[in-house]
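Here's the structure, in structure tokens; my notes come after.
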Amino acid sequence: MDVVVSASSSVEADPQFRRQVEHREASSTDNRLTRSDHDYSLRTKFLACIGAHEFFSPEMWRAALTESVATACLMFSLTCSIISCLDSHQADPKLLVPFAVFIIAFLFLIVTVPLTGGHMSPVFTFISALKGVITLSRASIYVLAQCVGSLMGFLVIKAAMNKPAAEKYFLGGCGIMGHGGANRLEPNTALVLEFACTFVVLFVGVTVALDERRCKELGLVMVCVVVAGSMGLAVFVSITVTGRAGYAGVGLNPARCLGPALLIGGELWYGHWVFWVGPFLACSLYYGISMNLPRVGVGLVDGGEYEYDIVKLSGACFGGSERFPSLQRRT
């Protein structure tokens, strides 16, 4: 108490000392406010970058619900159709699978593209987020909705499908082991296939789908044909190039692979990671390449009139009778 009294009395006695104390207190308050403003600014920027405002958007939640329902319907119809193709008495039933994939994918794309963008797969959602078509917040909700939708679709399939067929085809899941592991595909090989086939779909289908000018030129129907066709092509390549009976073909949709793995597990978990890692590696590579694609299509060279025809080039280079037209314009 004595120390406090003596200190206060010295402050009152020395005006300069009192001003120094007040200055220190004001500086300390300013520093606290600056740190608080800085933290608030960083938090605000982060929330703005991920599009956190969409968490409070009813339209986004309606779109997520649509994604979930569409994914469930897609899983049900696609898986049942593929199993029907494989269980047919055709000489090579696997060749029917790409056609089924093309038709069903086209029908669902033509319906869902105007509503949600027609993702129904974490692959399309991830590349859309990388390209800035959707926010990270919407992408995270979409992926969750797609996984839930896949689980719901396969729950319906499990309830409707007879047990022998479910065991024979692993409920239509993404497997690389086969029954007993006799015809299994090595995870590294499956990873390469998943990466390559997903990249083909992205390069052929997504390049067109995310090009506003070409979308207007082709129209919604033709864009959906191109995307669905690229998916059918990828499935065809994957099931024919390996020749392994135990390989169910390229996944192209990690959510589709997750549903059966959660419901029946077992051999479906062997190498399950390749159906996630492969597509996301393909998306990352495609994003890097797409940033360097030509922004304007390559047409006729400057000047037109086919002045770079090989005969004209030979005459201009070795004839010497007349100068090359493009050189005349530059001189």
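The values are calculated or read from the model by the stated rules, or taken from the named source; none is laboratory data. Since the model is a prediction, treat every value here as computed from it, not as a measurement. Neighbour counts run over all protein chains shown; Cβ positions are idealised from the backbone, glycine included. For accessibility, only protein heavy atoms count, side chains too; no ligands or nucleic acids. Shrake-Rupley method; radii C 1.70, N 1.55, O 1.52, S 1.80 Å.
A few remarks follow.
- Flag for Cys80 being surrounded by 15 or more Cβ atoms within 10 Å (Cβ to Cβ) and either within 21 Å of the chain's Cα centre (by Cα) or under 19 Å from Ala255 (Cα atoms) (or both): yes
- Those helices (runs of 4 or more DSSP H) lying entirely in the stretch 220-331 with at least 1 residues under 22 Å from His119 (Cα atoms) and at pLDDT 80 or above: 220-241, 254-264, 274-290
- Scan the stretch 83-108 for residues that are among the charged types (D, E, K, R) and either part of a helix (DSSP H, G or I) or within 14 Å of Asn253 (Cβ to Cβ) (or both) and the total you get is 1.
- Residue pairs meeting the criteria (Cβ under 8 Å; at least 6 apart or on separate chains; first within 18 Å of Val192 (Cβ to Cβ) and open to solvent by 40 Å² or more (accessible area, probe 1.4 Å), in the stretch 228-245; second modelled with pLDDT under 80 and not in a helix (DSSP H, G or I)): Arg244/Gly178; Arg244/Asn183; Arg244/Arg184
- Some residue of the stretch 171-192 being among the hydroxyl-bearing types (Ser, Thr, Tyr), modelled with pLDDT of 90 or more and either under 18 Å from Lys94 (Cβ atoms) or touching a His at 6+ places or on another chain (Cβ under 9 Å) (or both): no
- Flag for Pro93 being surrounded by fewer than 16 Cβ atoms within 10 Å (Cβ to Cβ) and touching a helix residue (DSSP H, G or I) at 6+ places or on another chain (Cβ under 6 Å): yes
This table checks each residue for (1) among the polar types (S, T, N, Q); (2) under 17 Å from Arg256 (Cα atoms); (3) modelled with pLDDT of 95 or more.
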site	(1), (2), (3)
Val123	no, yes, yes
Ile127	no, no, yes
Thr135	yes, no, no
Ile141	no, yes, yes
Leu144	no, yes, yes
Gly149	no, yes, yes
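- The stretch 208-224 residues that are under 14 Å from Ile110 (Cβ atoms), paired with ones that are at pLDDT 95 or above and open to solvent by 40 Å² or more (accessible area, probe 1.4 Å) (beta carbon under 6 Å, 6 or more apart): Cys224/Phe106; Cys224/Ile110
- Exactly one residue out of Glu217, Glu267, Glu212 is surrounded by fewer than 17 Cβ atoms within 10 Å (Cβ to Cβ) and over 28 Å from Ile141 (Cα atoms), and it is Glu217.
- Residues that are open to solvent by 30 Å² or more (accessible area, probe 1.4 Å) and of a type in the set (Ser, Thr, Tyr), drawn from the stretch 97-151: Thr135, Ser140
- Unique match (being under 14 Å from Asp87 (Cβ atoms), out of contact with any helix residue (DSSP H, G or I) (no Cβ under 6 Å at 6 or more places or on another chain) and among the aliphatic types (A, V, I, L, M)) among Ala166, Ala159: Ala166
- One residue stands out among those in the stretch 182-207 that are in a helix (DSSP H, G or I) and open to solvent by less than 20 Å² (accessible area, probe 1.4 Å): the one that is farthest from Gly117 (Cα to Cα), which is Ala190.
- Only one of Lys131, Lys163 that is within 26 Å of Phe195 (Cβ to Cβ) and basic (Lys, Arg): Lys131
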